[in-house]
Amino acid sequence: MESTKNYFFSDMGVMLGRSMRHVFRSMDTIITVCITPIAMMLLFVYVFGGAIQTDTDNYVNYLLPGILLIAIASGIAYTAYRLFMDKQRGIIERFHSMPISRSTVLWGHVLTSIVSNAISLVVIILVALIMGFRSSAGVMSWLAVAGILILFTLALTWIAALAGLSAKTVEGASAFSYPLIFLPFISSAFVPTDSMPTVVRVFAENQPVTPIVEALRALLAGQPVGHDIWVALAWCLGIWIVAYLFAMRAFKR
Amino acid sequence: MGTAIEVKGLRKSFKGTEVLKSVDFEVKRGQIFTLLGSNGAGKTTIVKILTTLLKQDGGTAAVNGFDVASKPDQVRKSISLTGQFAAVDEILTGRENLIMIAKLRHLANPRQVADSLLMRFGLTDAADRKPSTYSGGMRRRLDIALSLVGNPPIIFLDEPTTGLDPEARIEVWKIVQELANGGTTIFLTTQYLEEAEQLADRIAILHEGRIIAGGTLEELKKLFPPAEVEYVEKQPTLEEIFLAIVGTKGEK
Ligand SMILES: Nc1ncnc2c1ncn2[C@@H]1O[C@H](COP(=O)(O)OP(=O)(O)OP(=O)(O)O)[C@@H](O)[C@H]1O
Ligand SMILES: [Mg+2]
């Protein structure tokens, strides 16, 4: 027992190396994850942007947090896919019959999700900079932004893990991400919520994306974040814990 | 000669259907033990229980002296599994697959281990290609090579030759024989009587949830009434013809 514990981190390193190779050898996983949000950003800024009324004069600044969340929501679908393939191809069974800690397999995928999503986000932020995104945030604010994004990625990745482990088909393994990708559209990510009809607005203001977007936006603008950041953190942590427990249960079966 | 695997009264049901009713057998160290059974007999189920992938409903099973239910970590240190369907990483190359497993087995020199296994299994030329470009036989060889990393004393092979052509099948038989000569205990399942005849020191026949017959090939033959002697010209089997033609290619 001790020995499997001692090797936990080196085993996880091997697993991370393996699935990062998977990511880099099918570049489409990174490209697709970047392209769609970038296209959306172009569309909203240059096509709809003129018609949308926000409080800021820089719509790219307003838009970016929501775009980043959409990128994460589509990025984690690949984690579900990779886990599903591992399960299908029986390689998980090989790992499980070896003297390694079982959860390293899962954590390897989770870490890969964080690293590959981080790469996509950096690319998207660079494109946003070209499009006129400017931030007056200091180092601490950027760290807070990174922290929230990582936490959000973790929370969604565990939902992806649950989906990948319990899906019966490849389509099923990634279909769960569509509602997640859609969620930012019914939030304050693209337009302020006060322009929405009451029913929609109540939903928009009480779903996790709005406080996360508001917190990110305030941090990036170097403004005080208020209580949004706590609501955002609570949502992320809550989703993470629930998804983690269910995913672990699916994994143990 | 100690006992490598000991199974007593093993039971397992899936959603009400009783797959294993009461399975008993024993495998001695260094033996090739063949579990023979038709589709759905429960061979894979037994392999999964013995390799700690599945929990039994009742009965006991010990591998290398460790109970599979209470000491799974010790069992995993003693075994390796080549499952019914090749479990190789499709995106890593053959060599990377071997290195990965060697690292996970915490060996001191993963690269050397990989190189020597690639050589031994005739995969050196294909080492830097992905398994998706391999033939069925090469894939299976890589799969078995992955199981040999770290030289575990007990190896499980679940239908290692199903779906292979006769030549590839004979290659696998050779590998199995060599392993056994080196002292490894081998637990093999198959649907082919002939495979059991070729390889096994002991054969057990699994049918309707129980071992209905077990022993050496000689002992099993005694269980059946002696065949009546008939004088007919022996027709070569398709396999024999195929091998006679292909065999002239010589050693590779
Ligand atoms: N996870 C499962 N859930 C439900 N039924 C299962 C499960 N695994 C196996 N079975 C059933 O148990 C029976 C035995 O399956 P098993 O895979 O052990 O047979 P097998 O002897 O390996 O067959 P084959 O030669 O086809 O590989 C089959 O009827 C199968 O449908
Ligand atoms: Mg089977």
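Assessment of region B:12-34 against the conditions (among the hydroxyl-bearing types (Ser, Thr, Tyr) and away from ligand 2 (no atom under 16 Å from the Cβ)) yields at least one matching residue.
Just one of the listed residues (B:Ala180, B:Ala204, B:Ala213, B:Ala200) is within 14 Å of ligand 1 (Cβ to nearest atom), on the phi < 0 side of the Ramachandran plot and small (Gly, Ala, Ser), namely B:Ala204.
Would region B:40-57 turn up any residue that is acidic (Asp, Glu), assigned to a strand (DSSP E or B) and in contact (Cβ under 8 Å) with a residue 40 or more places away in the chain? Give the steps one after another, and end with the answer.
Residues of region B:40-57 acidic (Asp, Glu): B:57.
So of that shortlist, the ones also assigned to a strand (DSSP E or B) come out as none.
Looking through region B:40-57, none of the residues is acidic (Asp, Glu), assigned to a strand (DSSP E or B) and in contact (Cβ under 8 Å) with a residue 40 or more places away in the chain.
Within region A:1-118, considering only helices (runs of 4 or more DSSP H) that don't extend past its boundaries, which have at least 1 residues that are away from chain B (no Cβ under 14 Å)? Please lay out each step first, then the result.
Details: elements: A:2-6, A:8-25, A:28-42, A:59-88, A:91-96.
Output list reads A:28-42, A:59-88.
Has region B:19-42 got any residue that is within 24 Å of B:Ala180 (Cβ to Cβ), away from ligand 1 (no atom under 16 Å from the Cβ), surrounded by 22 or more Cβ atoms within 10 Å (Cβ to Cβ) and within 14 Å of chain A (Cβ to nearest Cβ)? No; the residues of region B:19-42 include none that is within 24 Å of B:Ala180 (Cβ to Cβ), away from ligand 1 (no atom under 16 Å from the Cβ), surrounded by 22 or more Cβ atoms within 10 Å (Cβ to Cβ) and within 14 Å of chain A (Cβ to nearest Cβ).
For the condition modelled with pLDDT of 95 or more, crowded, with 23+ Cβ neighbours inside 10 Å and within 12 Å of ligand 1 (Cβ to nearest atom), B:Ile79 does not qualify.
When the residues of region B:159-204 are narrowed to those that are of a type in the set (Lys, Arg) and touching a residue at least 24 places away in the same chain (Cβ under 8 Å), which ends up nearest to ligand 2 (Cβ to nearest atom)?
It comes out as B:Arg169.
Scanning region B:144-156 turns up no residue that is in contact with a Lys or Arg (Cβ under 8 Å, 6 or more places away or on another chain), without any contact (Cβ under 8 Å) to a residue 24 or more places away in the chain, more than 25 Å from B:Gln198 (Cα to Cα) and within 12 Å of chain A (Cβ to nearest Cβ).
Scanning region B:56-64 turns up no residue that is touching a Pro at 6+ places or on another chain (Cβ under 8 Å) and at the interface with chain A (Cβ under 9 Å from one of its Cβ atoms).
No other residue among B:Asp165, B:Asp158 is acidic (Asp, Glu), within 16 Å of ligand 1 (Cβ to nearest atom) and surrounded by fewer than 23 Cβ atoms within 10 Å (Cβ to Cβ) apart from B:Asp158. Looking at region A:128-141, which of its residues are free of Cβ contacts under 8 Å to residues at least 60 places away in the same chain and under 19 Å from A:Asn58 (Cα atoms)? Matches in region A:128-141: A:Leu129, A:Ile130. Would you please name the residue that is nearest to ligand 1 (Cβ to nearest atom), looking only at residues in region B:45-55 that are more than 9 Å from chain A (Cβ to nearest Cβ) and more than 12 Å from the chain's Cα centre (by Cα)? So, considering only residues that are more than 9 Å from chain A (Cβ to nearest Cβ) and more than 12 Å from the chain's Cα centre (by Cα), the one nearest to ligand 1 (Cβ to nearest atom) is B:Thr45.
Can you go through B:Thr60, B:Thr44, B:Thr52 and tell me which one is in contact with an Asp or Glu (Cβ under 7 Å, 6 or more places away or on another chain) and more than 16 Å from ligand 2 (Cβ to nearest atom)?
On the way: B:Thr44 fails: more than 16 Å from ligand 2 (Cβ to nearest atom); B:Thr52 fails: in contact with an Asp or Glu (Cβ under 7 Å, 6 or more places away or on another chain).
Sole residue among the options that is in contact with an Asp or Glu (Cβ under 7 Å, 6 or more places away or on another chain) and more than 16 Å from ligand 2 (Cβ to nearest atom): B:Thr60.
Restricting attention to region B:45-75, the residues that are crowded, with 24+ Cβ neighbours inside 10 Å and more than 21 Å from B:Gly209 (Cα to Cα) add up to 1.
Given A:Ala144, A:Ala173, which one is farther than 22 Å from B:Asn97 by Cβ, touching a Gly at 6+ places or on another chain (Cβ under 6 Å) and in contact (Cβ under 8 Å) with a residue 60 or more places away in the chain?
On the way: A:Ala144 fails: touching a Gly at 6+ places or on another chain (Cβ under 6 Å).
Of the residues listed, the single one that is farther than 22 Å from B:Asn97 by Cβ, touching a Gly at 6+ places or on another chain (Cβ under 6 Å) and in contact (Cβ under 8 Å) with a residue 60 or more places away in the chain is A:Ala173.
The selection criterion, being crowded, with 18+ Cβ neighbours inside 10 Å, within 16 Å of ligand 1 (Cβ to nearest atom), of a type in the set (Val, Ile, Thr) and in contact (Cβ under 8 Å) with a residue 24 or more places away in the chain, does not hold for B:Ile5. Listed by first and then second residue, the pairs linking a residue in region B:78-89 that is facing chain A (nearest Cβ under 7 Å) to a residue that is of a type in the set (Lys, Arg) and assigned to a loop (DSSP other than H, G, I, E, B), with Cβ atoms under 6 Å apart and 6 or more places separating them unless they lie on different chains, form an empty list.
So, in region B:14-40, how many residues would count as being of a type in the set (A, V, I, L, M, F, W, C) and under 16 Å from the mean Cα position of the chain (by Cα)?
Initial filter on region B:14-40 (of a type in the set (A, V, I, L, M, F, W, C)): B:14, B:19-20, B:23, B:25, B:27, B:32-33, B:35-36.
Going one step further and asking which of them are under 16 Å from the mean Cα position of the chain (by Cα), we end up with B:27, B:32-33, B:35-36.
Here the count works out to 5.
Do we have B:Arg95 as in a helix (DSSP H, G or I) and within 13 Å of chain A (Cβ to nearest Cβ) here?
Values: in a helix (DSSP H, G or I): yes; within 13 Å of chain A (Cβ to nearest Cβ): yes.
For B:Arg95, the condition - in a helix (DSSP H, G or I) and within 13 Å of chain A (Cβ to nearest Cβ) - is met.
Just so you know, in region B:211-221 the residues that are out of contact with any His (no Cβ under 9 Å at 6 or more places or on another chain), surrounded by 14 or more Cβ atoms within 10 Å (Cβ to Cβ) and closer than 23 Å to B:Gly9 by Cα include one that is modelled with the highest pLDDT, and it is B:Ile211. Each residue in region A:37-47 was checked for being at pLDDT below 90 and either touching a strand residue (DSSP E or B) at 6+ places or on another chain (Cβ under 6 Å) or farther than 19 Å from A:Leu183 by Cβ (or both), and 3 of them qualify.
The values are calculated or read from the model by the stated rules, or taken from the named source; none is laboratory data. Computed from a predicted structure; not experimentally measured. As a convention, Cβ positions derive from the backbone with ideal geometry for all residues, glycine included, and neighbour counts pool all protein chains shown.
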